[in-house]
Structure formats: C-alpha cells, structure tokens
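The values are calculated or read from the model by the stated rules, or taken from the named source; none is laboratory data. All values reported here derive from a predicted model rather than from experimental measurement. Cβ placement follows ideal geometry from the backbone for every residue including glycine, while neighbour counts extend to all protein chains displayed.
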Amino acid sequence: MKKNIIYCSDSCPFCQRAYQLLESKGIPFKKYYVKDQNDWDEVREKTGRNTVPQIFINGVHVGGFDDLSAANQSGKLDKILNES
C-alpha cells in the first residue's frame with residue numbers, strides 16, 4: 001500500500017481538521033512538518049501549492065483540507081483508498 005502523508009503545521013486549524021477527518025475514517029497517515037524554507041520548497045515542488053495541509057492518500061495528491069472534505073463527501077476518497 002502506498003503511503004498517506006500530510007504536509008502540515010500543528011498551529012494550522014485546517015491541518016487539525018484533516019487529522020480528525022482521516023482518523024474518523026480509520027485512515028493511518030504520517031505527518032511531515034513544514035518548518036523551514038527547504039520544507040516549503042519541497043511542498044511547492046510536489047504540489048504546486050504554498051499552503052498546508054497538503055494531503056497525499058495512497059500516493060495521490062488530494063490537495064488541502066477543503067479538497068479532502070469534498071473528496072470524502074463525493075466518494076472520491078474511498079475510491080482512492082481502494083486503489084492499489
């Protein structure tokens with residue numbers, strides 16, 4: 001199974017919401033804290049975005065919390081989870 005990763009900051013309320021949503025669905029994930037310029041460069045390189053959270057499920061870039069929530073509501077998140 002591919003990894004579930006969140007680029008995050010614990011001071012970010014949207015990161016907290018993402019953790020809660022994933023935990024409520026029983027989805028394990030690893031947090032990568034964005035702390036310095038090198039971390040931000042990595043986030044931008046992988047996602048093209050300058051914000052956290054940036055969420056990868058099963059290796060697929062889902063986006064930020066709003067994207068994650070929309071994917072959950074539409075059923076897209078479950079489809080991503082079921083792909084191998």
Suppose the filter is surrounded by fewer than 17 Cβ atoms within 10 Å (Cβ to Cβ), in a helix (DSSP H, G or I) and in contact (Cβ under 8 Å) with a residue 24 or more places away in the chain; does residue 44 pass it?
no
If I ask for residues that are more than 13 Å from residue 4 (Cα to Cα) and surrounded by 13 or more Cβ atoms within 10 Å (Cβ to Cβ), which ones from the range 22-37 would you list?
33, 34
Would you please name the residue that is nearest to residue 80 (Cα to Cα), looking only at residues in the range 1-34 that are free of Cβ contacts under 8 Å to residues at least 24 places away in the same chain and in a loop (DSSP other than H, G, I, E, B)?
26
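Out of all the residues in the range 63-84, which are assigned to a loop (DSSP other than H, G, I, E, B) and either within 14 Å of residue 23 (Cβ to Cβ) or at pLDDT below 95 (or both)?
Our first condition is that a residue be assigned to a loop (DSSP other than H, G, I, E, B); within the range 63-84, this holds for 64, 75, 83-84.
83, 84, listed by residue number.
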